[in-house]
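Here is the structure we will look at.
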Amino acid sequence: MDIFDAKIINLPKIEDPRGNLSIIEEEKNIPFKIERTYWIYDVPGGQIRGGHAFKEQQEFIVALSGSFDVVVDDGKQKKTFSLNRSYYGLYVPAGLWRQMENFSTNSLAIVLSSTVFLEDDYIREYDDFLKLSDDKKE
Ligand code: TYD
């Protein structure tokens, strides 16, 4: 897996003078079935979330409100995606290190996940992540 496997996906946007509407359907707008949805909010200025990788979990992250950056890292290269609109999101495949930062005041990040919560699926130590990504390349 490398950083080029992470990608911005544009969502349908139904524009309406009454207010806009966007949609996510599993296996249609995003390439997996949704097992879990969680959201991150009330983030104090300067805080960093999500410094870890997943062995199996794929996810799709949308800034429903405000803005933040998602930095993805494959152990060799890093790429920063700025999310600040609710009609697109970032698809993050399994096996990439990712971190969320630069949260604006009142930002709201929704994360759609391909798995239920499994602590065993986390790789929380960056050195372990580097070792696992190296092992996969051999
Ligand atoms: P974590 O995923 O480490 O947060 P982040 O990566 O955004 O900084 O989760 C923080 C805590 O919440 C951790 O103790 C695990 C718990 N948690 C659940 O119990 N269920 C969940 O679905 C998630 C995402 C986290």
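The values are calculated or read from the model by the stated rules, or taken from the named source; none is laboratory data. These figures come from a predicted structure and were not determined experimentally. Note that we place each Cβ from the backbone using ideal geometry, even for glycine, and neighbour counts take in every protein chain shown. For accessibility, only protein heavy atoms count, side chains too; no ligands or nucleic acids. Shrake-Rupley method; radii C 1.70, N 1.55, O 1.52, S 1.80 Å.
Backbone geometry of the stretch 14-22 corresponds, through the Karplus equation with coefficients 6.51, -1.76 and 1.60 at θ = phi - 60°, to 3J(HN,Hα) couplings of 9, 7, 7, x, 7, x, 8, 9, 10 Hz, x marking Gly and Pro. Taking every protein chain into account, the accessible area of the chain amounts to 59 square angstrom per residue (probe 1.4 Å).
Considering only S67, S114, S22, the Gaussian network model of the chain with Cα springs below 10 Å gives its largest mean-square fluctuation to S22. Here the chain is treated with +1 on each Lys and Arg Cβ and -1 on each Asp and Glu Cβ, and its dipole about the Cα centre works out to around 480 debye. Placing R0 at 35 angstrom, the Cβ-Cβ distance between L118 and I14 gives a FRET efficiency of 0.50 after rounding to 0.05. Residue by residue, the stretch 93-108 carries 3J(HN,Hα) couplings of x, 5, x, 10, 6, 9, 9, 10, 8, 6, 5, 7, 4, 6, 6, 9 Hz when phi is fed to the Karplus relation 6.51 cos²θ - 1.76 cosθ + 1.60 (θ = phi - 60°); x denotes Gly or Pro.
In the chain, the calculated helix contribution to ellipticity at 222 nm averages -2500 deg cm²/dmol per residue, counting -39,500 (n - 2.57) for every DSSP H run with n ≥ 4.
Farthest towards the positive end of the charge dipole of the chain, among the residues V116, W39, P12, is the Cα of P12, using unit charges on the Cβ of Lys, Arg, Asp and Glu. Taking amide H atoms as placed 1.01 Å from N in the peptide plane, the amide H of L96 lies under 5 Å from those of F54, each 5 or more residues away in sequence or on another chain. Across P17, P93, P31, mean-square fluctuation computed from a Gaussian network of the chain (C-alpha pairs under 10 Å connected) peaks at P17. For L21 and T105, the FRET efficiency from 1/(1 + (r/R0)^6), where r spans their Cβ atoms and R0 equals 22 Å, is about 0.30. Cα centroids of the stretch 1-21 and the stretch 55-73: 12 Å apart. In whole percent, how big is the carbon plus sulfur part of the accessible area of the stretch 37-110, probe 1.4 Å, protein atoms only? Here carbon and sulfur together make up 42 percent of the probe-accessible area.
Measuring between alpha carbons in the structure, the pairs from K7/K28; K28/K78; K7/K33; K13/K78 lying more than 25 angstrom apart are K28/K78; K13/K78. Amide H contacts of I30: E25, each under 5 Å away and 5 or more positions distant or on a separate chain (H built 1.01 Å from N in the peptide plane; Pro and chain starts excluded).
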